[in-house]
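One structure below.
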Amino acid sequence: MAEKSFDLIVIGAGPGGYVAAIRGAQLGLSVAIVEREHLGGICLNWGCIPTKALLRSSEVFHLMHRAKEFGLKADNIGYDLDAVVKRSRKVAGQLSGGIGHLMTKNKVTVFMGAAKLAGKGKFSVKTDKGSEELTAKNIVLATGARARNLPGLEADGKRVWMYKDALDPPHMPKKLLVIGSGAIGIEFASFYNTLGADTTVVEVMDRILPVEDEEISKFAKKQFEKQGMKIMQKAVVKQLDRAADKVTAHIEVGGKVEKHEFDTVISAVGIVGNVEDLGLEEMGVKVDRTHVVTDEYCRTGVDGLYAIGDIAGAPWLAHKASHEGVMVAELIAGKHAHPVKPESIAGCTYCHPQIASVGYTEAKAKELGYDIKVGRFPFIGNGKAIALGEPEGMIKTVFDAKTGELLGAHMVGAEVTELIQGYVVGRQLETTEEDLMNTVFPHPTLSEMMHEAVLDAYGKVIHM
C-alpha cells in the first residue's frame, strides 16, 4: 500500500489536536489528523461542553425555585431528566459536527481510526476500511487522557459511574456519593444536588478543591453545605459493596471505617494519559506516570515528535491544549513561538457558586519567597451582585509587594468564570497594581469587584 505523506500529522482531534491541525493548515502545511472516536475529543463530546449544558439546566431550575424573590410566580416546578440530557447531547453533537466542517474548510485530511508509531515520522492507522500508512516530517501527539479507575472502585455503568455515565445517566440518583472533589467531581455533585439528590462528597485531601486557594475552598465548602451537600474531607473510600439497587461504601475517616449506603456512586479521582498502544517505547519517548515528558515547547526529545494537551501533563485544561496546539504548529512552520506558562492559565469550575483562578495562591506565593499584599472584596458589597440576587461570593488578589506584579487572582461566586479573563489579560500584559487601580471599570458590573479587590490590597478600598 502506498504511503501518504504530509508535512504534519496530528494524532487526536480534541481541543489540542484539531486546533494544531487548523493552525498548521493556515500556515501552508499539508496536514492530516487521526481520530479513533469523535472529532472534538472528550471535551466537546463527553467533557467541557455537555457538562456545561447540564449545569445550565440545573442553574435555571435553581432560579425557578427562587422566583418569589424576584416578584415572579412559578408553580409545579419540575424537570425531565431525559430532556435535560437530550439537550446536552444535542449541544455536544452540534459542536462536534462543526469540527468536521472546520477540517474540510481548512483542507485537513481526516482519518478515523487508531494510530500507532511505525518508526520515525511514520504512522499506521487502522480504519474501518483497512490500514493506512502515513508519513510526515512532524507528528503531534494529542491523544488526551481518560478517567482514572481505582482498584475496587471500578465503574460498572449501573450503580458506579464515571463521567460518561453521569452525562447520560441510567437513572436519577436519590442518594449520591461523589468520590473526588476536583472540578469534575464538584460539577457533577453540584448538578445532581441541585436536582434533588442527597449528595455526599468524599475528598482524600484536607479540603475540597485542593488546587484552589485555601480561602476560596473554605468559602465554597460553606456554600455547598448550605445547599445540603455533605462534605467528608481527609477521607478515603476503601471498598464498594455492590447490590442490584444500592452500593455500600466503606469510608475511612479519622482512622475509623464507616459504612454508608448510596444508590449511585460517581468516581472522579483524576485522569491518566492515553499513552498505550502508540509505539512510544519503541521510539524512545520518555513517559512519566502516564504522561509524555516534554520541554516548554512540547518537544519530546525525539526529532519531529511533539506532545500537547492532557497527554503532556498538567494543567489538564482544554484551553491549555489549544494554545499548545497553536504554538507547536507555528514552531513547525518556522514562526516565532511563545511557550505556554502554566501559571498564567486560568482554571474554571462551573459548580454553583462558580470558582475561577489564575496564578499563584497566597500559600504558593509565600512558599516561593514573595513578600505579598493581599486584597479581598465580597459580592455583598457590589450593587450588580445584589441586583442579580447573588450576594454570596468573593474576589481575592495577590500582589508582589516589591514590584506590584499581580501574582494571582482567585474568585468564587456568580459568573466568575467569565470575570477571570480580565486578570489573565492583566498578567499577560505584565500589568501592575497601579495600572489596575487607574483602570475605570464600568458601573454597575460584577467586574467592579475586581477593581475593589486590587484597591483593598493597597488599603484604598472604597465600598467596604
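Bear in mind that the values in this text are calculations on the coordinates, not laboratory data. From a predicted model like this one, the values you see are computed outputs, not experimental measurements. No Cβ is skipped: glycine too gets one built from the backbone with ideal geometry, and neighbour counts run over all protein chains shown.
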Q | Sites Asp371 and Met64, calculated FRET efficiency, Cβ-Cβ separation with R0 45 Å, nearest 0.05 | A | 0.40
Q) According to the square roots a ≥ b ≥ c of the eigenvalues of the Cα gyration tensor, what is the shape class of the stretch 330-464, taking rounded for a/c under 1.5, prolate for a/b larger than b/c otherwise, and oblate for the remainder? A) prolate
Q) Is the shape of the chain best called rounded, prolate or oblate, per the rule: a/c under 1.5 gives rounded, else a/b larger than b/c gives prolate, else oblate, with a ≥ b ≥ c the square roots of the Cα gyration tensor eigenvalues? A) oblate
Q.
Distance cut-off 18 Å, Cα to Cα: go down the list Lys86/Lys174; Lys226/Lys246; Lys341/Lys364 and report the pairs above it.
A. Lys86/Lys174; Lys226/Lys246
Q.
Taking a virtual spin label 7 Å from the Cα of Thr439 along the C-beta vector, which residues in the stretch 356-370 bring their backbone nitrogen under 14 Å of it?
A. 358
Q: Run the quick spin-label model on Met172 and Ala83: label points 7 Å from Cα toward the beta carbon, then report their separation in nm to one decimal.
A: 1.2
Q. Which loop GluC sites (Glu not before Pro) in the stretch 400-441, with loop taken from DSSP, have no more than 15 other Cβ atoms within 10 angstrom of their Cβ?
A. Glu430
Q. Reachable lysines from Lys129, Cα under 16 Å, same-chain residues fewer than 8 places away excluded?
A. Lys4
Q: Sort the following peptides by mean Cβ neighbour count (other Cβ atoms within 10 Å, averaged over residues), highest first: 223-230, 6-13, 305-312, 183-190.
A: 305-312, 6-13, 183-190, 223-230
Q. Tell me, what ³J(HN,Hα) does each residue in the stretch 242-250 have, in order and in whole Hz, if you take phi through Karplus 6.51 cos²θ - 1.76 cosθ + 1.60 with θ = phi - 60° and put x for Gly and Pro?
A. 9, 10, 4, 10, 7, 10, 9, 9, 9
Q) If each of Glu3 and Tyr297 carries a label point 7 Å out from its Cα toward its Cβ, how far apart are those two points in nm? A) 2.4
Q) Among the trypsin sites (Lys or Arg not before Pro) within the stretch 344-434, which fall in a DSSP loop and have no more than 14 other Cβ atoms within 10 Å of their own Cβ? A) Lys402
Q | Length-normalised contact order of the stretch 1-109 in % [C-alpha pairs under 8 Å, at least 6 apart] | A | 31
Q.
List the trypsin sites (Lys or Arg not before Pro) within the stretch 232-310 that DSSP assigns to loop and that have no more than 11 neighbouring Cβ atoms inside 10 Å.
A. Arg289
Q. What percent of all Cα-Cα pairs in the stretch 77-205 falls in each 5 Å bin, counting up from 0?
A. 2, 7, 13, 15, 14, 12, 11, 11, 9, 5, 1, 0, 0
Q: Taking H placed 1.01 Å from N in the peptide plane, check which residues at least 5 places from Gln239 or on another chain put their amide H under 5 Å from its amide H.
A: His250
(Q) Given the options Phe123, Val236, Phe219, identify the residue whose Cα lies farthest towards the positive end of the charge dipole of the chain (+1 on Cβ of Lys, Arg; -1 on Cβ of Asp, Glu). (A) Phe123
Q.
Taking R0 as 25 Å, what FRET efficiency do you get between Ala401 and Val236 from their Cβ-Cβ distance, rounded to the nearest 0.05?
A. 0.05
